[in-house]
1. Quick one: Debye curve from the C-alpha atoms of the stretch 1-114, no solvent, what's log10 I(q)/I(0) at q = 0.10, 0.18 Å⁻¹?
2. In terms of modelled amide H atoms, which long-range or inter-chain residues lie less than 5 Å from the amide H of THR62?
3. For LEU177, LEU210, LEU84, give me the order by solvent-accessible area with a 1.4 Å probe, most accessible first, ignoring ligands, DNA and RNA.
4. Relative contact order of the stretch 24-97, please, whole-number percent, based on alpha carbon pairs below 8 angstrom and at least 6 residues apart.
5. Can you work out the accessible area per residue across the chain, with the rest of the protein chains kept in place, probe 1.4 Å, in square angstrom?
6. Rounded to the nearest 10 Å², what accessible area does THR169 show when all protein chains are kept and the probe is 1.4 Å?
7. Percent of accessible area on the chain owned by carbon and sulfur, 1.4 Å probe?
8. Once you have a ≥ b ≥ c as the square roots of the Cα gyration tensor eigenvalues for the stretch 115-248, tell me rounded if a/c is under 1.5, and otherwise prolate or oblate according to whether a/b is larger than b/c.
Amino acid sequence: MIAKNVPLGPETLPRHVAIIMDGNGRWARKRHLPRSAGHVAGVSAVRSIVRAAIDVGIENLTLYAFSSENWKRPPGEVSHLMGLFRSYFHDDVDELVERNVRMRIIGSRSRAAPDILVMIEDAEARTAANTGLNLTFAFDYGSQEEIASAAQEMARAAVRGELDPAEITPEFFATRLSTRGTPDPDLVIRTSGERRLSNFLLWQSAYSELVFVETLWPDFSRSQFIEALETYAARDRRFGSVAPEAVA
């Protein structure tokens, strides 16, 4: 990242930051540890970055916690990840409540264990009235699946005569996605040096600024998060237009 010295404030902070938390397995391999150790360290990084987002004043933070493709991983690894989700809901929701964080989960809820679904619903209910950071976890989430599901929903409505296809604008389509009510991400960060979106918020990231960092997720620190925000603040966002001086 190359960040200019741009002060962070309401006018320069992104309203919505989304993070692809990548590199847990490589972090563990570098230390000759099992992949499970990398995931445990990754949860610690989640706590650190959520706290940093609260302190800085980010309005919306979305974390890619578990993709719909992650079910293809070895059963033992999937089981360990589910155990970490259970631990996070058990150990961290109280702090989120105290810090005025609203939590919600996007993604499929048809494949998770019943007790995890109960924990998700409890966490969302307990934090629903909070007015601080909107913290979203993309759990069992895949953007292509999300888009296809929205298209199917609208097609069924059209067949029933409840929706005129001419009404389906990009703005309308967005209201059928799981992120409805949340602004599109201004900034997408991916750790570990990979440079792809990996089926994460594909529709919503059409005009997002992308920041790729070499650091593996468990080592992604508060200072590096701030540096990514500064990199975003230094960029010139034109959304397909041109700068005023270019017109002149």
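1. Those come out to -0.37, -1.09, one per q.
2. Those lying under 5 Å, H to H, from THR62 are VAL17, ALA18, ILE19, THR136.
3. LEU210, LEU84, LEU177
4. Values: 31 pairs, mean separation 19.0, N = 74.
Relative contact order for the stretch 24-97 comes out at 26 percent.
5. 51 Å²
6. It works out to around 60 Å².
7. Values: 6640 of 12650 Å².
C and S atoms contribute 52 percent here.
8. Because a/c hits 1.5 or more and a/b fails to exceed b/c, the stretch 115-248 counts as oblate.
The values are calculated or read from the model by the stated rules, or taken from the named source; none is laboratory data. All values derive from a computational prediction rather than experimental measurement. Surface accessibility is based on the protein's heavy atoms, side chains included, excluding ligands, DNA and RNA. Shrake-Rupley method; radii C 1.70, N 1.55, O 1.52, S 1.80 Å.
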